[in-house]
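Working notes, structure below.
The values are calculated or read from the model by the stated rules, or taken from the named source; none is laboratory data. Everything numeric in this text was worked out from a predicted model, so none of it was measured. A quick note on method: Cβ atoms are made from the backbone with ideal geometry, for glycine too, and the neighbour counts reach across all protein chains shown. Surface areas here come from the heavy atoms of the whole protein model, side chains and all, with no ligands, DNA or RNA. Shrake-Rupley method; radii C 1.70, N 1.55, O 1.52, S 1.80 Å.
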Amino acid sequence: MDKKLELEDFVLIGRTFEEYYRMFHLESIDKNEKILDVASGVSSFCSEANAKGYNVTAADRVYRFNPEEIEEKCSKDLKETMEKLTSIKALYKWDFFKDIEQLKNHRERAYRGFIKDFKLYRDDRYIISEFPSNNFKENQFDVSLISHFLFLYDEHMNYEFHKQIINEVIRITRKEIRIFPIANLKAQRSPFIEKFMGDKAFNNYEINIVKVNYEFIKGGNEMLVVKIK
Ligand SMILES: C[S@@+](CC[C@H](N)C(=O)[O-])C[C@H]1O[C@@H](n2cnc3c(N)ncnc32)[C@H](O)[C@@H]1O
């Protein structure tokens, strides 16, 4: 596959520990638990969480690129995303972020924090994985977090692909999976949510929608929890 083309595929925008804490109710996760951040990209969560004593591993297909290539793409994506945001500002709730300028500074802090950590711990915490394919062992993690990857892009990845990825994450996770948001890019609950919750293939798991203390896309303040045991 063409490396450059692939790097263009997804927007490299990352979130911070503070955002993950709110999106995923992290207060209910013990610091001793092994956490996997699936499609973690340029989020600073892994870096900040490990500095705070959590045990977090990050997995994303973008980690095959070098820090300079990733940084260049982040800076370009951030500029373009902020420009596009002006015309769709009304789809978002402006309280956690007061305005576009504050959002831009926050996102810049996230990717800079990531790049710094990636240069230091590339072979340790940042694992190249193109899901559903991965080299993790069965039950390797206690909890897996999936932020801004599944359901959000329901127009770009079909239901079968969502299913394959979730099945793989179930295989490598011992206790539970938390997914945020469950809204898509139109700021509507993804139709895949209802399909997934009624899918017989997942009958063995307890699946719940839980309200969280984070809402940026209007109405997008819910996470999906899949309890494995
Ligand atoms: C919008 S970013 C979200 C990053 C981070 N989770 C956050 O919330 O800040 C989406 C990420 O999904 C990654 N991605 C896309 N397809 C993937 C796949 N099949 N396997 C692993 N990562 C993938 C991209 O490289 C990108 O970093």
Per-region count, segment 50-70, residues open to solvent by 60 Å² or more (accessible area, probe 1.4 Å) and part of a helix (DSSP H, G or I)
3
Going by the conditions given, is L103 open to solvent by less than 30 Å² (accessible area, probe 1.4 Å), over 27 Å from I166 (Cβ atoms), more than 9 Å from the ligand (Cβ to nearest atom) and under 18 Å from the mean Cα position of the chain (by Cα)?
yes
Looking at this structure, is G113 within 12 Å of the ligand (Cβ to nearest atom), touching a helix residue (DSSP H, G or I) at 6+ places or on another chain (Cβ under 8 Å), open to solvent by less than 80 Å² (accessible area, probe 1.4 Å) and farther than 19 Å from L152 by Cα?
yes
Out of all the residues in segment 36-49, which are outside any helix (DSSP H, G or I) and open to solvent by less than 20 Å² (accessible area, probe 1.4 Å)?
L36, D37, V38, S40, G41, V42, S43, S44
Taking segment 116-139 and keeping only residues that are over 15 Å from K34 (Cα atoms), open to solvent by 50 Å² or more (accessible area, probe 1.4 Å) and not in a helix (DSSP H, G or I), one is left with R122, D123, I128, E130, S133, N135
Here are E206, E176: which of them is more than 30 Å from A90 (Cβ to Cβ), free of Cβ contacts under 8 Å to residues at least 24 places away in the same chain and in contact with a Lys or Arg (Cβ under 7 Å, 6 or more places away or on another chain)?
E206
Residues of segment 154-190 being open to solvent by 40 Å² or more (accessible area, probe 1.4 Å) and either assigned to a loop (DSSP other than H, G, I, E, B) or more than 16 Å from F202 (Cβ to Cβ) (or both), in sequence order, are E155, H156, N158, R174, L185, K186, Q188, R189
Which residue pairs have Cβ atoms under 7 Å apart, sit 6 or more places apart or on different chains, and have a first residue in segment 179-202 that is free of Cβ contacts under 8 Å to residues at least 24 places away in the same chain and a second that is surrounded by fewer than 12 Cβ atoms within 10 Å (Cβ to Cβ) and not basic (K, R)?
none
Report whether or not D142 is more than 12 Å from the ligand (Cβ to nearest atom), closer than 19 Å to Y54 by Cα and either assigned to a loop (DSSP other than H, G, I, E, B) or out of contact with any strand residue (DSSP E or B) (no Cβ under 7 Å at 6 or more places or on another chain) (or both).
no
